[in-house]
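Asks: Below you will find the structure I want to go over with you.
Each reported figure results from applying straightforward, stated rules to the coordinates on display, with no laboratory input. In this text the structure is predicted, and so the values were computed from the model without any measurement. Please note: Cβ atoms are built from the backbone with ideal geometry, for glycine as well, and neighbour counts cover all protein chains shown.
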Amino acid sequence: MSDRKDIKSLTLEEMTGDLKAAGFPAFRARQLYRWLHVRLTDDPEEMTDLPAKLKEFIRAHYEMTKLEVIDRQISKLDGTQKFLFGLPDGETIESVFMKYKFGNSVCVSSQVGCRMGCRFCASTLDGLKRNLLPGEILEEIYTIHRLTGEKISHIVVMGTGEPLDNYENLLKFLRMLTDENGQNLSMRNVTVSTCGIVPRIYDLAKENLSITLALSLHATTDEKRKKIMPIAERYTIAECMAACRTYFDKTGRRVTFEYSLIRDVNDSARDAEELAALARPLSAHINLIPVNPVKERNFEQPDLTAVQAFRAKLEKHGINVSIRRVLGRDIDGACGQLRHRHIETSGKNGPAGT
Ligand code: SAH
């Protein structure tokens, strides 16, 4: 990437500062911000109410992040769409578009690759390449909106990457996404999922945003969690629970625990009892995800009756449970597999020719 600033990563305030310093009045920044974040226009030529001098300034001083569509898979079963996007530096990321009764949702990636190393996850197989800029995360949503023509009301930061490992950019992304001068999405419609970087959960609680925090728990004892999630070596489950408590108390938002059910690893009746005991004091919602098999790993899903029994056990304790709908079953397997396969087959990280 060149050293020119990514224009879509500038908040309205920053853009106003830049333009003012160059002698443009503040209202020009609002106009420009609208073109970029409401009308989703990339080409300064199309920004008809901007003076030629400003268009010139934009071209000379900024980078205009665009995502190249490398692959697009559309599920015939439920309309889920998976996208593999190419970034300007040749890296690739995955995003998913999903239709729900309550609206359309996009699952965005927050990093190129991931360094958290969860044993069952395909996104981490090739390590972390770099953080995504706020404008690049926004552009995942904008590009999908342009391609599908569908309005997007919900965002889950659950694609490739650990969002709290890219904290500053994540926060800026959230602020810009919910800015009334931009997409004006409701914070309540945004979920951020973390493997449990405890100090960052406290930081996020201090921001007092009304987003939903999802903690990837996946095990009820530290010993077991360490076997599948390296982050458990750094922070104990008790520390994660205390951080979630603070998050709940500060924001009033109930946290979600994500729990990937893995056959013979974490799917016993005892696991369910222990999980209920962790969730109850926090009134946490539990999202069960039958593990998506990744070919490099040998984890298997429990059968459907075992999943139902696990759910019933939690519900008996009054826990609010959902089983993640398996969307797009016909188009791809686990998160991060599209990108991983692309890296394997192309022998490099980027789209051909870059
Ligand atoms: N780094 C963040 C967000 C990324 S993944 C986090 O750890 O929460 C979003 C969710 O999918 C996480 O709960 C993650 O543990 C889970 N996940 C990843 N790979 C999976 C797989 N193969 N099967 C089921 N769930 C998976």
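Asks: About its Cα centre, how strong a charge dipole does region 77-181 have in debye, to the nearest 20, once Lys and Arg get +1 and Asp and Glu get -1 at the Cβ?
Replies: Charge dipole of region 77-181: 260 debye, to the nearest 20.
Asks: With only alpha-carbon atoms counted, please give the Rg and Dmax of the chain, in Å.
Replies: Spelled out, the Cα radius of gyration and Dmax of the chain are 21.0, 68 Å.
Asks: GNM on the chain, C-alpha springs below 10 Å: top fluctuator among LEU19, LEU164, LEU209?
Replies: The residue that fluctuates most here is LEU19.
Asks: Could you compute how fast region 91-178 diffuses translationally, taking Rh as the Kirkwood radius over C-alpha pairs and applying Stokes-Einstein at 10 °C with viscosity 1.306 mPa s? Give it in µm² per second.
Replies: My calculation gives 120 µm²/s for D.
Asks: All other residues with a Cβ under 15 Å from the Cβ of LYS227 taken together, and with Lys, Arg as +1 and Asp, Glu as -1, what is their net charge?
Replies: +1
Asks: Placing unit charges on C-beta atoms (Lys and Arg positive, Asp and Glu negative, everything else neutral), compute the dipole magnitude of region 190-326 about its Cα centre in debye, rounded to 20.
Replies: 260 debye
Asks: I've got another one for you. Place +1 on the Cβ of every Lys and Arg and -1 on the Cβ of every Asp and Glu in the chain, take the dipole about the Cα centre, and give the residue among THR251, PRO163, SER95 whose Cα lies farthest towards its positive end.
Replies: Final value for the positive-end residue is THR251.
Asks: Mind checking the angle between helix 134-148 and the chain's longest principal axis? C-alpha axes, 0 to 90 degrees, to the nearest 10.
Replies: 90 degrees
Asks: Quick one: longest stretch of the chain between exposed loop GluC sites (Glu not before Pro), exposed meaning at most 16 other C-beta atoms within 10 Å and loop per DSSP?
Replies: In the chain, the maximal stretch lacking such sites is 1-149.
Asks: Most fluctuating residue of PHE299, PHE120, PHE102 in a GNM of the chain with Cα springs under 10 Å: which is it?
Replies: PHE102
Asks: Using helices alone, I'd like the mean residue ellipticity at 222 nm for the chain: each DSSP H run of four-plus residues gives -39500 (n - 2.57), total over residue count, nearest 500.
Replies: Theoretical 222 nm ellipticity from helices: -10500 deg cm²/dmol.
Asks: In the chain, if the dipole is taken from +1 on Lys/Arg beta carbons and -1 on Asp/Glu beta carbons about the Cα centre, which of LEU209, ILE197, THR143 is farthest to the positive end?
Replies: Of LEU209, ILE197, THR143, it is LEU209.
Asks: Identify the trypsin sites (Lys or Arg not before Pro) of region 40-114 meeting these criteria: DSSP loop state and at most 10 other C-beta atoms within 10 Å of the C-beta.
Replies: Hits after loop and neighbour filter: LYS76, LYS101.
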